[in-house]
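Throughout, read-outs are computed from the coordinates displayed, never taken from laboratory work. The structure displayed is predicted, hence computed values, not measured ones. Because the Cβ atoms are built from the backbone with ideal geometry, glycine has one as well, and the counts that use them run over all protein chains shown.
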Amino acid sequence: MRRLIRSFPWTALALASASFGQGLITQKSLPSDAAVKIAQGALEKCSSQGYKISLSILDASGAVKLQVRGDGTGPHTLEHSRRKAYTALTFKRTSAETADAWAKRGGAVPVIEGTVGAAGGVPIRAGEEVIGAVGVSGAPGGEKDEACANFGISKIAEILK
């Protein structure tokens, strides 16, 4: 009886996995050259308006794909941009939408490591699938950061269809 109990979890796991499909999971992935185009677009947009920014682009797993600390930016802007991107990726909506949702529910802001309640993070979607996120920090206001992030994403709109 003891041996049966010890082997039961493994048996249950084997039966559970047998009931699911045997195929591999396929996911869309953000190519490096696309991340570069997003960064160039965001930097171009903000620079044309006189904003000095830093930006972070994350892949679907939350790993940094590309980061740029813009010339003349504050030391906090690179990490802040990463947190904005991570928030957008985690919640699959802009970091501004997440900040608004937190404010509306009242009480303490949830403590979720790596997230921030500030505008400037935007998920990157290929169809309905979130394949990464971009965060921008340094413009005078999160809505301006977000506009630059969206402009960057627009540079690869054709491949995101």
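Points to keep in mind about this one:
- Tail weight of P(r) past 21 Å, computed on alpha-carbon pairs of the range 24-160, percent: 34 percent
- For the chain, the longest principal axis of the alpha carbon atoms and the long axis of helix 2-18 meet at an angle near 50°.
- Electrostatic tally near P31: other residues with Cβ closer than 12 Å to its Cβ, Lys and Arg +1, Asp and Glu -1, net +1.
- The modelled label-to-label distance for the pair E128/A103, using points 7 Å beyond Cα in the direction of Cβ, is 3.0 nm.
- Cβ-based net charge around E113, under 14 Å, with every Lys or Arg adding one and every Asp or Glu removing one: +1
- Cross-link reach list, lysines versus K37, counting only Cα pairs under 25 Å and skipping chain neighbours closer than eight places: K28, K45, K52, K65, K84, K92, K144, K155, K161
- Full-stretch length increase - L160, E143 - with 0.36 nm per residue and alpha-carbon distance subtracted: 3.8 nm
- Seen against the Cα atoms of the chain and their longest principal axis, helix 95-105 is set at about 70 degrees.
- Computed extension length for Q22-N150: 42.3 nm, one decimal, from 0.36 nm per residue of separation with the Cα-Cα distance subtracted.
- Computed [θ] at 222 nm, deg cm²/dmol, the chain (DSSP H ≥ 4; -39,500 (n - 2.57); rounded to nearest 500): -15000 deg cm²/dmol
- Taken as Cα centroids, the range 107-137 and the range 58-81 sit 13 Å apart, rounded to the nearest whole angstrom.
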